[in-house]
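Quick notes on the structure that follows.
The values are calculated or read from the model by the stated rules, or taken from the named source; none is laboratory data. Everything quoted here is computed from the prediction, not taken from an experiment. Neighbour counts are summed over all protein chains in view; Cβ atoms, including those assigned to glycine, are modelled from backbone coordinates with ideal geometry.
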Amino acid sequence: MTAQSDRERAVTELVKGIWRENPVFVALLGLCPAMAVTNSAINALAMGGATFFVLVGSSVLVSLLRSWIPKQVRITTFIVIIATFVTVADYSLHALAPAVYKELGAFIALIVVNCIILGRQEAFASRNSVGLSALDALGMSAGFTLALFMLGSIREVLGNGSFFGVPLFGAGFEPWVVMILPPGGFLTMGTLLMIFNWLSERRKRSAQLLLEGGAA
C-alpha cells in the first residue's frame, strides 16, 4: 500500500506541472521569456530546453544539499546554484547553436532570475527528496517548454507562414506580421489562456456532475 502511495505521488508530482499547475497558463510565471522569445518554434524550444536543464539540475542539487544549506543564506545559495547551471547552458548553446543563441540574446542569462526556477527551489526542492524534486522539476519544465512551444508555433505559422523555418503555404499567403511582434505575443497568450481556462472549468464541471450523480 505504501509503495502504491509512493508511486501515485511520484506520478502526481511529474504531471502536475503539465496541466494542473502549469507555470505559464495557471501560475502565470515566466511570462517575460514566454512573450519575448516565442516568435518562432525553434527559439521557443531552445529557451524551453535551457530552462529544462537549469531547473532539473538545480532542483536535484538543492535537494541533495538541503540539509547542509543554512536557512539564513538559502536564497543566496539557491541563486548561486542556479547561476552555475545557467552559465553551463549559456556557453553550451553559444557553442552548439550560435544562430539561436544570437536570437535569444540576454534571455538565456536571465534564466537566473526566472521566478519559476527560484520558486521551485524554495517551495519544493529544499523540502523534499531528490527523486521527488527531480520529478517536480521535470514536470514543471515540461509544462513550461510546452507552453513556449505552443506560443512559438502559432506565432511562426501565422507570422511567417512557416514551421521550424519550412514554408507551409504558397506564394499567395500574406503573413500576419503582427504575430511575430510584441502585440502578437500578447494576443496569442491571451487566446491560449482563454482556451486553457475554458477547458479547466469544463473539466471541473464534469467532475462535479459525476460526483453529484454518484451521490444521487
With the checklist (1) over 22 Å from residue 112 (Cβ atoms); (2) touching a Phe, Trp or Tyr at 6+ places or on another chain (Cβ under 7 Å); (3) not aliphatic (A, V, I, L, M) in hand, flag the one item residue 21 doesn't pass. (2)
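Name the helices (runs of 4 or more DSSP H) wholly within the stretch 65-124 that hold at least 2 residues that are among the β-branched types (Val, Ile, Thr)?
On the way: elements: 74-96, 98-104, 115-120.
Here the list reads 74-96, 115-120.
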Subset of the stretch 81-103 that is small (Gly, Ala, Ser) and within 22 Å of residue 61 (Cα to Cα) - its residue that is surrounded by the fewest Cβ atoms within 10 Å (Cβ to Cβ): 92
Considering (1) touching a helix residue (DSSP H, G or I) at 6+ places or on another chain (Cβ under 8 Å); (2) at pLDDT below 90; (3) within 21 Å of residue 127 (Cα to Cα); (4) of a type in the set (A, V, I, L, M, F, W, C), say which one residue 11 fails and leave the rest. (1)
Can you tell which of 131, 172 is in contact with a Ser or Thr (Cβ under 9 Å, 6 or more places away or on another chain) and surrounded by fewer than 21 Cβ atoms within 10 Å (Cβ to Cβ)? 131
Members of the stretch 36-64 found to be over 13 Å from the mean Cα position of the chain (by Cα) and either part of a helix (DSSP H, G or I) or without any contact (Cβ under 8 Å) to a residue 60 or more places away in the chain (or both), listed by number: 36, 41, 42, 43, 57, 58, 59, 60, 61, 62, 63, 64
